[in-house]
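Novice: Just passing along the structure, written as structure tokens.
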């Protein structure tokens with residue numbers, strides 16, 4: 001029985017990156033042998049065990065064979081006769097198909113520098129040096145999730161390119177309908193991880209290049225070739241704009257919900273009826289409908305879905321909020337549910353700021369709307385609504401009339417706050 005460290009830990013160590021999670025492969029053993037040594041079995045589809053002390057995952061060396069379209073149709077063979085090279089051959093990319101014997105690892109952060117005893121039968125080290133993402137064997141095509149994984153790695157390793165033969169293989173997989181069989185959970189899992197990488201636009205560039213984006217996110221794919229509205233420089237392609245917005249959100253270390261909102265805020269422009277360009281009149285309403293379908297299809301988490309809905313619906317009004325008076329501003333806050341969810345409204349403002357600045361030459365532009373609306377919300381929240389409601393009731397107000405009293409008090413507080421902050425705050 002031999003144990004090897006494999007995959008991302010070895011790759012990252014070779015690249016001089018911090019080693020996060022460590023995955024191990026055990027060669028020449030049976031499940032019972034590991035159980036007898038105190039390992040805890042946890043794998044459902046193939047033999048995976050938790051180390052009795054470190055709790056890290058140890059998997060028996062295995063091979064996989066595709067038995068049906070999509071991700072779930074796999075036959076797994078794990079036995080003592082499966083070699084390390086066999087196990088590495090089933091992996092997605094050459095840079096992830098490198099192993100080092102457990103006796104050579106030493107400290108988790110510098111083991112590669114201490115020992116060059118690497119097992120690299122598929123040229124992973126060479127591709128790391130050349131900064132290339134390359135599939136290991138033609139078996140890559142048996143798992144369409146690998147297209148998403150490769151695209152995600154392109155977003156993480158921003159100076160890597162995709163090997164031409166790998167891109168050709170992915171294009172053929174898309175043409176053969178392989179990505180159509182992907183389950184929603186796996187698509188969202190990979191997309192959400194890719195959104196949190198250093199340059200998420202590269203993930204979507206790879207998916208567009210191989211044709212997978214049109215199959216997985218057709219609402220997004222339709223944005224390329226659509227000009228922005230007259231107010232936002234009609235020469236700018238909407239798809240390119242959305243990618244600039246998304247990458248700006250990444251540079252600002254925005255949360256996943258903010259990045260998802262940045263990705264989906266302009267979906268309605270891809271469905272703009274003929275004759276209304278270049279102003280995209282009504283694109284917000286169309287975008288909200290498309291967003292709803294997308295979220296249902298991919299089973300997007302509620303937090304991401306709700307924030308994206310507010311941004312898609314109100315980003316235009318937030319951009320124009322500098323011209324709103326106090327009463328109209330309070331109505332905008334109420335539509336955004338900012339009174340009840342102020343923390344989420346902060347995320348809404350960040351997504352809208354990324355939208356405004358996500359154009360060439362505008363990346364460092366000011367966005368005074370965010371400060372103005374943040375101050376307005378602070379003032380609106382300062383109102384003691386229970387006292388206002390009590391006064392309204394004493395004056396004979398009931399039902400909606402009490403709400404009108406509260407709305408008026410909030411508007412007065414907002415106007416007072418702007419007046420104290422100075423002329424720039426209220427305009």
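The values are calculated or read from the model by the stated rules, or taken from the named source; none is laboratory data. Please read all numbers here as calculations on a predicted model, not as lab measurements. All Cβ positions, glycine included, derive from the backbone under ideal geometry; neighbour counts span all protein chains shown.
Novice: So is residue 67 at pLDDT below 90, surrounded by 14 or more Cβ atoms within 10 Å (Cβ to Cβ) and not assigned by TED's automatic domain parsing to the domain that holds residue 178 or not? First the steps, then the outcome.
Specialist: Working: at pLDDT below 90: yes; surrounded by 14 or more Cβ atoms within 10 Å (Cβ to Cβ): no; not assigned by TED's automatic domain parsing to the domain that holds residue 178: yes.
Answer is no for this residue.
Novice: Quick check on my filter: what residues within region 234-255 are farther than 12 Å from residue 353 by Cα and part of a loop (DSSP other than H, G, I, E, B)?
Specialist: Answer for region 234-255, where residues must be farther than 12 Å from residue 353 by Cα and part of a loop (DSSP other than H, G, I, E, B): 234, 235, 236, 253, 255.
Novice: Would you pick out the residues in region 129-148 that are surrounded by 18 or more Cβ atoms within 10 Å (Cβ to Cβ) and either outside any helix (DSSP H, G or I) or within 23 Å of the chain's Cα centre (by Cα) (or both)?
Specialist: First, the residues of region 129-148 that are surrounded by 18 or more Cβ atoms within 10 Å (Cβ to Cβ): 132-136, 140, 142-148.
Passing the criteria: 132, 133, 134, 135, 136, 143, 144, 145, 146, 147, 148.
Novice: Before we move on, is residue 7 surrounded by fewer than 16 Cβ atoms within 10 Å (Cβ to Cβ), more than 10 Å from residue 58 (Cα to Cα) and in the same structural domain as residue 91 (by TED's automatic domain parsing)? Spell out the reasoning first.
Specialist: Numbers: surrounded by fewer than 16 Cβ atoms within 10 Å (Cβ to Cβ): no; more than 10 Å from residue 58 (Cα to Cα): yes; in the same structural domain as residue 91 (by TED's automatic domain parsing): yes.
It is false that residue 7 is surrounded by fewer than 16 Cβ atoms within 10 Å (Cβ to Cβ), more than 10 Å from residue 58 (Cα to Cα) and in the same structural domain as residue 91 (by TED's automatic domain parsing).
Novice: Let me ask another. Could you tell me whether residue 351 is buried (at least 20 other Cβ atoms within 10 Å of the Cβ), touching a residue at least 60 places away in the same chain (Cβ under 8 Å) and outside the structural domain of residue 264 (by TED's automatic domain parsing)? Full working, then the answer.
Specialist: Working: buried (at least 20 other Cβ atoms within 10 Å of the Cβ): yes; touching a residue at least 60 places away in the same chain (Cβ under 8 Å): yes; outside the structural domain of residue 264 (by TED's automatic domain parsing): no.
Taking the combined requirement at face value, the residue does not satisfy it.
Novice: Is it the case that residue 180 is outside the structural domain of residue 91 (by TED's automatic domain parsing) and under 25 Å from residue 355 (Cβ atoms)?
Specialist: On the way: outside the structural domain of residue 91 (by TED's automatic domain parsing): yes; under 25 Å from residue 355 (Cβ atoms): no.
It is false that residue 180 is outside the structural domain of residue 91 (by TED's automatic domain parsing) and under 25 Å from residue 355 (Cβ atoms).
Novice: Regarding residue 345, is this residue free of Cβ contacts under 8 Å to residues at least 40 places away in the same chain, surrounded by 12 or more Cβ atoms within 10 Å (Cβ to Cβ), in a helix (DSSP H, G or I) and assigned by TED's automatic domain parsing to the domain that holds residue 238?
Specialist: yes
Novice: Give me the pairs, please: first residue somewhere in region 15-40 and in the same structural domain as residue 130 (by TED's automatic domain parsing) and on the phi > 0 side of the Ramachandran plot, second residue anywhere and outside any loop (DSSP other than H, G, I, E, B) and surrounded by 15 or more Cβ atoms within 10 Å (Cβ to Cβ), beta-carbon distance under 6 Å, and either six or more positions apart or on two chains.
Specialist: From region 15-40, no pairs qualify.
Novice: From the list 316, 322, 287, pick out the single residue that is modelled with pLDDT under 95, assigned to a helix (DSSP H, G or I) and buried (at least 20 other Cβ atoms within 10 Å of the Cβ). Spell out the reasoning first.
Specialist: On the way: 316 fails: buried (at least 20 other Cβ atoms within 10 Å of the Cβ); 322 fails: buried (at least 20 other Cβ atoms within 10 Å of the Cβ).
Only one candidate qualifies: 287.
Novice: Still on this structure, I have one more. Go through (1) within 19 Å of residue 120 (Cβ to Cβ); (2) out of contact with any helix residue (DSSP H, G or I) (no Cβ under 9 Å at 6 or more places or on another chain); (3) part of a loop (DSSP other than H, G, I, E, B) for residue 17 and report which single condition fails.
Specialist: (2)
Novice: If you take the residues of region 150-168 that are in contact with a strand residue (DSSP E or B) (Cβ under 9 Å, 6 or more places away or on another chain) and surrounded by fewer than 18 Cβ atoms within 10 Å (Cβ to Cβ), which of them is farthest from residue 86 (Cα to Cα)?
Specialist: Looking at residues that are in contact with a strand residue (DSSP E or B) (Cβ under 9 Å, 6 or more places away or on another chain) and surrounded by fewer than 18 Cβ atoms within 10 Å (Cβ to Cβ), I get 161.
Per-residue answers, yes or no, for (1) within 23 Å of the chain's Cα centre (by Cα); (2) crowded, with 23+ Cβ neighbours inside 10 Å; (3) at pLDDT 95 or above:
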{"residue": "174", "(1), (2), (3)": "yes, no, yes"}
{"residue": "178", "(1), (2), (3)": "yes, yes, no"}
{"residue": "200", "(1), (2), (3)": "yes, yes, yes"}
{"residue": "206", "(1), (2), (3)": "yes, yes, yes"}
{"residue": "232", "(1), (2), (3)": "no, no, no"}
{"residue": "237", "(1), (2), (3)": "yes, no, no"}
{"residue": "251", "(1), (2), (3)": "yes, no, yes"}
{"residue": "276", "(1), (2), (3)": "no, no, no"}
